């Protein structure tokens, strides 16, 4: 085997430009595949971290009627805070949020919003709720960057909020925007306004009511509470997982094309080698090599392309991938339009598993592609091969 | 001195009760004009948007405030859409899907065909005197017509508008303007009534402009092209089966 590797290496280097062209194309596949998979992994990390920080915490309890995709049912999706939660709320490990429907009129345009009542002293989510304690001549409100962009509101702006209380009676008041936060999580930002939960309860005539509860710790002990559904971290981030799975499947087509191009080069080289090196093959057999060993030699030679490609890829790929991990990849289109927790700049994350699986997949593919044309050797007549006669 | 105090008290109590009776009397006179046993109305509703306006025409049959059947006549997109209101229930028939949908709960709060009116606004069939305490707060000139200004304050909790201000023509007893307020006192909607005509011996506004005061735009104009009071309307019109016909 050692001799086979030595011979394969010499043959490869001896082939000169032909080998290096294959190696460069294959190394390009290595780097691009690792980078793209890294971007996906980075997106997964970023999306989940942002969701934890701005929306879901360590998990949630939802009122049994609550459906975030049906804002019209919000009025029926709340109930008094159950006694079972009192201790957790007091310790700050569980935060109630009341969600109701409202309408704002920025610059005379009507815009439906979800008004979220949240404790100004909460520390579970990174929303700047402490600003809700600001004393102003209107109701202090915090909005996300996406709402600020769509409604053209900024800090210090006043806007009229209209809502209907529990009896269905219209009421309206002025809000003042005390802060704007940026989270990359559309479901925490778009069309949402955060105000003090006590104020919202007073406005709605819904004392001590809540729509959802957010846990600080995902390892918290879940207790069964009638009328409330448990939503684990995994369940709440399922949408991200599904999206990444779909995107990864889509990217696989790209990986396939990249590998196909590289493999085409290797396949061609192998076919050419076998055709041009018939005398050499005949000599190997004459020297006592079994046909199987000669096939192995050529397969190792082909597979060695991927090893050289990994080394070449590492020379320019490691600095490039490291630079990307630090500076990130800025999407050329507005990521907030995707409706997913996705930042404008994605920072790739490269795990050991990702690098090794990529190298392994490319090496196995190269080995298979190298072996297929080499099978012809097994059918060769050694005498004819020695004479260099075409077979 | 004691007699004077008693006199002043009696005077003010009488004045207050006079105002109360007066407001109720005015609303009763308004009801006499506006309310009829039944009516058939062909109307157009023009919804003024930010960039363009669109007009929807319809034919409505109503009996009192409890039964209404409406068929949309134009534009082609809305033609054939029918609406049936029976007491506090509302159904809509859509010819393109050939389905009857009941509008209930939160759906009643949606806008009717994108207008400034909600289904709920159309559904309100309780008499103003039953759900509001009213008082006359002054007199003003509206379009050169002398009008009583009535302030209505809700006396029930399940109501959309906490208070209303209505300007009533002091001679013809028809509303000229109405303002709807939020609990906080913020003006939310304004309705203006114009083109007042005498039809079948009663004064009736044939053009009504609904305007959401928090929103930019010119509101929704409702024009009654033809109105007939106290007609013979067959009972079968007010059935779900009539929606598919």
Seminar exercise, completed: Rounded to the nearest 10 degrees, the helix A:352-378 long axis (Cα) sits at an angle to the longest Cα principal axis of chain A of 30
Exercise. Each label point is 7 Å from the Cα along the Cα-to-Cβ direction; what then is the distance between the points at residue A:5 and residue B:55, in nm?
Worked result: 8.9
For this session: Go through A:210-216, A:356-362 and give me the packing order, highest mean Cβ count within 10 Å leading.
Result: A:210-216, A:356-362
For this session: Determine the shielding of peptide A:170-180 by partner chains: average, over its residues, the number of Cβ atoms on other chains within 10 angstrom of each Cβ.
Result: 3
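Going by C-beta contacts inside 10 Å, put A:185, A:176 in order with the fewest on the left.
Going from sparsest to densest Cβ surroundings: A:176, A:185.
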For this session: Specify the inter-centroid distance of the stretch A:191-214 and the stretch A:221-283, based on alpha-carbon positions, in whole Å.
Result: 45
Exercise. In terms of the Cα gyration tensor, with a ≥ b ≥ c the square roots of its eigenvalues, is the stretch B:163-245 rounded because a/c is under 1.5, prolate because a/b exceeds b/c, or oblate?
Worked result: oblate
Exercise. In degrees, nearest 10, range 0 to 90: what is the angle between the Cα axis of helix B:2-34 and the longest Cα principal axis of chain B?
Worked result: 20
For this session: Before anything else, pin down the relative contact order of chain B: Cα pairs under 8 Å, at least 6 apart, normalised by residue count, whole percent.
Result: 20
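Of B:59, B:214, A:132, how do they rank once you tally other Cβ atoms within 10 Å and put the fewest first?
Numbers: B:59 16, B:214 20, A:132 25.
Placing the least packed residue first, the sequence is B:59, B:214, A:132.
How large is the helix-only mean residue ellipticity at 222 nm for chain A, computed as the sum of -39500 (n - 2.57) over DSSP H runs with n ≥ 4, divided by its residue count, in deg cm²/dmol to the nearest 500? Mind dumping the intermediate values first?
Details: 12 runs with 194 residues, N = 391.
Helix contribution divided over all residues of chain A: -16500 deg cm²/dmol.
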Seminar exercise, completed: Over chain B, the sum of -39500 (n - 2.57) across DSSP H runs of at least four, divided by residue number and rounded to 500 deg cm²/dmol, gives at 222 nm -6000 deg cm²/dmol
Seminar exercise, completed: Put in order of increasing Cβ neighbours within 10 Å, starting from the fewest, A:73, A:29 give A:73, A:29
Seminar exercise, completed: Computed curve, the protein assembly as shown, Cα-only Debye sum without solvent term, log₁₀ I(q)/I(0) at 0.06, 0.11 Å⁻¹, is -0.56, -1.12
For this session: Take the Cβ-Cβ distance between residue B:97 and residue A:76 as r, set R0 to 25 Å, and report the resulting FRET efficiency rounded to the nearest 0.05.
Result: 0.45
For this session: For chain A, find the longest principal axis of its Cα atoms and tell me its angle to the long axis of helix A:238-276, 0 to 90°, nearest 10.
Result: 10
Exercise. Peptides B:98-104, B:111-117: what's the order by average Cβ count within 10 Å, highest mean first?
Worked result: B:111-117, B:98-104
Problem set entry | Shielding by other protein chains, B:211-222, mean Cβ within 10 Å | 3
For this session: Apply 1/(1 + (r/R0)^6) to the Cβ-Cβ distance of residue A:260 and residue A:357, taking R0 = 25 Å, and write down the FRET efficiency to the nearest 0.05.
Result: 0.85
Seminar exercise, completed: A chain fully extended from residue A:379 to residue A:249 at 0.36 nm per residue, minus the present Cα-Cα distance, gains in nm 42.8 nm
Problem set entry | Long-range tail of P(r) for the stretch A:254-300 (Cα pairs > 18 Å, %) | 41
For this session: Find how many whole Å separate the alpha carbon centroid of the stretch B:150-219 from the alpha carbon centroid of the stretch B:51-123.
Result: 21
For this session: Mind checking A:156-169 for the average number of partner chain beta-carbons within 10 Å of each residue's beta-carbon?
Result: 4
For this session: Compute the Rg to Rh ratio over the stretch A:59-216 from the alpha carbon atoms, using the Kirkwood formula for Rh, and round to two decimal places.
Result: 0.93
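Every read-out reported here was derived from the displayed coordinates using simple, explicitly stated rules and does not represent laboratory data. Because the structure is a prediction, the values reported are computed rather than measured. Because the Cβ atoms are built from the backbone with ideal geometry, glycine has one as well, and the counts that use them run over all protein chains shown.
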